[in-house]
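**Student:** Can you keep this structure in mind? I'll have questions shortly.
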Amino acid sequence: MQVGHPVLRRQADAVDPAWLKTSEAQSLIEQMVETMRKAPGIGLAAPQIGQSIQLAVLEHRVTPEEEEEDDGWEVTNLPLTILVNPTIKRFGGPSERLYEGCLSFEGFSAVTPRHRRVRVQALDQHGEPQTLEMSGYSARIFQHECDHLVGTLYVDRMEPTTLTENRYLLEGFEA
Ligand code: ZN
């Protein structure tokens, strides 16, 4: 779904943990992981594929170029993470400015302020509670995906004058 589709602006429904035990749920999660990797993206929230439920998948493998360009952004590997019904419990650290993009607004990026550190409480793909503490780039991905589940897009938070087509951009990501 691209920006303008109403599903991207809806508060997504909470997932019933019992539903996670079904093969329907597990195949939806598999499909989302596949879609994210194919995009390629480093995060995908269910509303982006038209499902208004609180489910998101995240994964980031640092490329050698990113490693080289890491100017203190803490660009680190984020192993495959499934978030169900997440809430961000704590923001920490200074607000940081970095280019950000979104698979639901293809071809563009903009500087978007994000918190350096977050603590996220959520269920995993089996319905077990998990608490995740993230900082740097991974914290940015978490904030982006959690925003999708409440109908918020990065364009709501971006610094508008920095909006750019990606062909003019040297760094950034899509999620
Ligand atoms: Zn996005």
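**Student:** If you count only protein heavy atoms with a 1.4 Å probe, what accessible area per residue comes out for the stretch 52-175, rounded to a whole Å²?
**Tutor:** About 48 Å² of surface per residue is accessible.
**Student:** Tell me, what is the 1.4 Å probe accessible area of LEU123, in Å² to the nearest 10?
**Tutor:** 30 Å²
**Student:** The chain: percent of C-alpha pairs farther apart than 22 Å?
**Tutor:** 40 percent
**Student:** Turning to a different aspect of this structure: Tell me the accessible surface of ARG119 in square angstrom (1.4 angstrom probe, heavy atoms of protein chains only), to the nearest ten.
**Tutor:** 80 Å²
**Student:** Something else about it: Quickly rank 17-28, 43-54 as a protection proxy: mean count of other C-beta atoms within 10 Å, highest first.
**Tutor:** On the way: 17-28: 13.4, 43-54: 21.9.
Peptide ranking by packing, descending: 43-54, 17-28.
**Student:** At 0.36 nm per residue, and after removing the present C-alpha to C-alpha distance, how many nm does the segment from GLU133 to ARG117 gain when stretched out fully?
**Tutor:** Result: 5.0 nm gained on full extension.
**Student:** Using a probe of 1.4 angstrom, how much of the accessible area of the chain is carbon and sulfur, in percent?
**Tutor:** That fraction is 50 percent.
**Student:** Compute the long axis of helix 23-38 from its Cα atoms, compare it with the longest principal axis of the Cα atoms of the chain, and write down the angle in degrees, 0 to 90, nearest 10.
**Tutor:** 10 degrees
**Student:** In whole angstrom, note down how far apart the Cα centers of the stretch 95-144 and the stretch 13-38 are.
**Tutor:** 19 Å
**Student:** Using the alpha-carbon atoms, what tilt in degrees (0 to 90, nearest 10) does helix 137-148 show relative to the longest principal axis of the chain?
**Tutor:** In the chain, helix 137-148 runs at an angle near 60 degrees to the longest axis.
**Student:** For LYS89, list long-range residues whose amide hydrogen, built 1.01 Å from N in the peptide plane, is under 5 Å from its own amide hydrogen.
**Tutor:** Sorted by chain and number, the residues that satisfy this are ARG119, VAL120, GLN121.
**Student:** Along the Cα→Cβ direction, 7 angstrom out, place labels at GLN26 and THR87. What is the inter-label distance in nm?
**Tutor:** So the two model labels end up 2.9 nm from each other.
**Student:** Using the Karplus curve 6.51 cos²θ - 1.76 cosθ + 1.60 with θ = phi - 60°, work out ³J(HN,Hα) for each residue of the stretch 73-81 in order, rounded to whole Hz, and write x for Gly and Pro.
**Tutor:** Those phi angles translate into 8, 6, 7, 10, 4, 10, x, 3, 10 Hz.
The values are calculated or read from the model by the stated rules, or taken from the named source; none is laboratory data. Source: prediction; values computed, not measured. So basically every Cβ, Gly included, is an ideal-geometry build from the backbone, and we count neighbours across all protein chains shown. Note: accessible area is taken over every heavy atom of the protein model, side chains too, but ligands, DNA and RNA are not part of it. Shrake-Rupley method; radii C 1.70, N 1.55, O 1.52, S 1.80 Å.
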